[in-house]
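Okay, handing you the structure first.
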Amino acid sequence: MIIREFLAWTQNASAEGRAEATAALARTYLYGDLGADAAWEAKTALLALLDDPSPLVRRALAETCAASARTPRPLVVALSCDVPEVARPVLARSPVLTDADLVDAAALGDEATRAVIAARHHLSHAVAGALAEIGETDTLVVLAANPTAKITAGRMLRMIERRGDEAALREAFLARADLPPEVRHALGIAVARALTDFVTDRGWLGAERCDRMSREAGERVALEACEGFGAAAVTRLVTHLRTTRQLTAGLILRAMLSGRTDFALAALADLSGQDHAAVGRAMRAPRLFADLHARAGLPDALLPPMQAALSARQELARGAVPVHGTGLSRRIIACAIDACGDPSDPQMHPVITLLNRYEAEAARDEAREIARAIAAQALARETARREAEAADAAWRAALESQRRTAFAPVTDEPILVAIADTAEAPDATLLNPVGAILDALPEQILAWYRPEELHPEVQAATDRVLDGLGDSLLDHFRASHGRAAPQPDEAAIEKPVSIAA
């Protein structure tokens, strides 16, 4: 009954009306408490709406059913194969679609459709791998920026290999918290390659020098990528470097000169075929290390500086001498240069040249660190000075505002009111700012302005002089003012009062 009535109504209704009715019917089917017969009729009506000629109706159906797990699978699959504006809501959110459905939709859809799939929550490894192979830059950026997408290290490396020259993709990868060390190294190599191409195209440096600088930058990135990772991650990085022909003897020597014994141990274990425990024992014994060096296939000329570097690192560790950072150490490099023996030996020329270049790099790194520290201290002092000036200005402004408020001139009328209110005010001193200021002064300051107390003998002599004044002086004073002499009893009363005054 519902099917016939609904379909008959849709014959004459507008597209907007059919879209609203379709959304209402879909919500009733998904979230309403329908019986078995009514639910079957509603489901049949929704499937019939897939043939509606208006995309508005089918899009309303897709948006309503996209996030529900109760949506019939035939309905979801049909909507995912519809036109892009109808399929995208379902491809972005529907939990009914399988990995095979998503991979098929990514293969047949356009770039915008692939980007919608790449942004799905908890994207699986299979779908992410398919997008990494066929997606363009926009899709790859969305995929790399999706923190819930499950992307293997191999697929990340494939994405960098395909579009590593795009800065947006590199930034999206660097924002991820699960970035493996081999991917970090690949990103560093991509940046170095982009800078090398830019400098070479500009003609600022030669191609050979740019290649050497790019190679040295890759070595630094390889060691810095190990920071914060365990032995398993370092081993994966070493394996990646060996398979890509980037694990060189110079990189292993740099690791030893930088104190990255974990990387050197993993590299020697990978090249020699021995386990990590045996390599660790050999790195602590010069005789065993010589055998390990030969097994790893490293040049004989590198054996003395490597042994010297290991010995210097052990001495620094025993002496509790701090070696900051993961960069090259000038102390260890100096020991390695001294171990090279005669500089005129032709076999040692490349090694000494390499060590001298490492020493110059270490000196520049130390100079940069000192310059940064000095700049930070100067900035801190300047900030403190500005804060002190601001605080002093604020204090002076507050003091000036208080002074103006306390001693501001007032008109006669407010004065009369203040005088009138003084008798009724509980604390009259509040109306006298001068008295308030004097009360706030310390007793020591006020004591400087008080007259010193007279000695008792001096005070007694003064009292006798005052008492000895004759009454004639007082009579003369009264006569000059035209006053009559008081009676004896009045004089006896007035004299002490005058003296007291």
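Throughout, read-outs are computed from the coordinates displayed, never taken from laboratory work. In this text the structure is predicted, and so the values were computed from the model without any measurement. Every residue, glycine as well, gets a Cβ built from its backbone with ideal geometry; the counts of neighbours run over all protein chains shown.
Filter segment 161-202 down to residues that are among the small types (Gly, Ala, Ser) and closer than 16 Å to residue 150 by Cα and give me whichever is surrounded by the fewest Cβ atoms within 10 Å (Cβ to Cβ).
Applying the filter and picking the extreme gives 177.
Restricting to segment 94-128, what's the tally of residues that are surrounded by fewer than 19 Cβ atoms within 10 Å (Cβ to Cβ) and not in a loop (DSSP other than H, G, I, E, B)?
Of the residues in segment 94-128, 10 are surrounded by fewer than 19 Cβ atoms within 10 Å (Cβ to Cβ) and not in a loop (DSSP other than H, G, I, E, B).
Per-residue answers, yes or no, for (1) in a helix (DSSP H, G or I); (2) buried (at least 19 other Cβ atoms within 10 Å of the Cβ); (3) in contact with a helix residue (DSSP H, G or I) (Cβ under 8 Å, 6 or more places away or on another chain):
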{"residue": "232", "(1), (2), (3)": "yes, no, no"}
{"residue": "254", "(1), (2), (3)": "yes, yes, yes"}
{"residue": "265", "(1), (2), (3)": "yes, yes, yes"}
{"residue": "274", "(1), (2), (3)": "no, no, yes"}
{"residue": "277", "(1), (2), (3)": "yes, no, no"}
{"residue": "290", "(1), (2), (3)": "yes, no, yes"}
{"residue": "308", "(1), (2), (3)": "yes, yes, yes"}
{"residue": "317", "(1), (2), (3)": "yes, no, no"}
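Next question. Quick one: which of 177, 172 is outside any helix (DSSP H, G or I), in contact (Cβ under 8 Å) with a residue 12 or more places away in the chain, closer than 30 Å to residue 119 by Cα and not charged (D, E, K, R)? Break it down into steps so the answer makes sense when it comes.
Values: 172 fails: outside any helix (DSSP H, G or I).
After ruling out the rest, the residue left standing is 177.
Limited to segment 32-71, what total is found for residues that are closer than 18 Å to residue 83 by Cβ, within 44 Å of the chain's Cα centre (by Cα) and not in a helix (DSSP H, G or I)?
Residues in segment 32-71 being closer than 18 Å to residue 83 by Cβ, within 44 Å of the chain's Cα centre (by Cα) and not in a helix (DSSP H, G or I): 1 in total.
Identify all residues within segment 220-246 that are more than 33 Å from the chain's Cα centre (by Cα) and among the aliphatic types (A, V, I, L, M); write none if there are none.
From segment 220-246, those more than 33 Å from the chain's Cα centre (by Cα) are 242-245; that's our starting set.
Within segment 220-246, no residue meets the criteria.
Can you find a residue that is of a type in the set (S, T, N, Q) and over 26 Å from residue 221 (Cα atoms) anywhere in segment 307-323? Talk me through it step by step, then tell me what you get.
Looking only at segment 307-323, we keep the residues that are of a type in the set (S, T, N, Q), and these are 307, 311, 314.
Then keep just the ones that are over 26 Å from residue 221 (Cα atoms); that gives none.
For segment 307-323, residues of a type in the set (S, T, N, Q) and over 26 Å from residue 221 (Cα atoms): absent.
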